[in-house]
Amino acid sequence: MPSPSNPHPNAHPRAGAYTSADEVAAALEGRAALVLPLAVSVVRHYAMLLETQIKANASGRPGPNVITGDYRRSWTHEVYVTGDMVSGVVGTNKPQARRLEYGFVGVDSLGRVYDQPPYAHVGPAVQTVGPQFVQALGRVAEEEG
């Protein structure tokens, strides 16, 4: 069924019809003003969920064991908004993160020989939270204004 304002037979019922580029630009700017705060909220929420899942995975096997809790506590998240772009960063400043996630075979800078297996905790967290994040962003994109 065509839209009342767009006679094309395949038009969505909520589709509009624009007669000028100015109308299209105004509609897109109005939509962006609605979507950006929702996107910030979703990115903030899922960055926090990813951090939480990483910490949970770093609480014993199959992830790394907890000795002092310092490594697990070092995981943080930040959300940045630059113009119309939102990004979230989850990370740690601890040097052992890469070795724990991927393992290490070989000689280190002090001449010690290692055959350390990986204790993946970041990758599994991304696999768990990632699809949920993508679905949530899809819902933001589909929100009606």
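Side notes on the structure shown:
- According to the Cα-based calculation, Rg over Rh for the chain is 1.22, with Rh computed by the Kirkwood formula.
- For the range 109-144 and the range 59-104, distance of Cα centres in Å: 10
- Sparse-neighbourhood loop sites, GluC sites (Glu not before Pro) in the range 49-145 - DSSP loop, at most 13 other Cβ within 10 angstrom: GLU143, GLU144
- Think of each Lys and Arg Cβ as +1 and each Asp and Glu Cβ as -1; about the Cα centre, that makes the dipole of the range 1-139 roughly 560 debye.
- Per residue, the solvent-accessible area of the chain (1.4 Å probe, heavy atoms of protein chains only, all protein chains present) comes to 68 Å².
- Binned Cα-Cα distances of the range 31-116, short to long, each 5 Å bin given as a whole percent: 3, 13, 18, 17, 14, 12, 9, 7, 5, 2, 1, 0
- Between helix 21-57 and the chain: long-axis angle, C-alpha atoms, 0 to 90°, nearest 10: 20
- Given 15 as the ceiling on other Cβ atoms within 10 Å, longest exposed-site-free region of the chain for trypsin sites (Lys or Arg not before Pro) in DSSP loops: 15-111
- What the phi angles of the range 108-122 give under the Karplus curve with 6.51, -1.76 and 1.60, with θ = phi - 60°, is a coupling list of 7, 5, 9, x, 7, 9, 10, 9, 8, x, x, 10, 4, 9, 7 Hz, glycine and proline written as x.
- The portion of the accessible surface of the chain made up by carbon and sulfur, rounded to a whole percent, is 58 (1.4 Å probe; DNA, RNA and ligands excluded).
- Here r is the Cβ-Cβ distance between THR76 and GLU29 and R0 is 25 Å; the resulting FRET efficiency, rounded to 0.05, is 0.15.
The values are calculated or read from the model by the stated rules, or taken from the named source; none is laboratory data. These numbers come from a predicted model, not from an experiment. Cβ coordinates were reconstructed from backbone atoms using ideal geometry, including for glycine residues, and neighbour counts include every protein chain displayed. Just the protein is used for accessible areas: all its heavy atoms, side chains included, with ligands, DNA and RNA removed. Shrake-Rupley method; radii C 1.70, N 1.55, O 1.52, S 1.80 Å.
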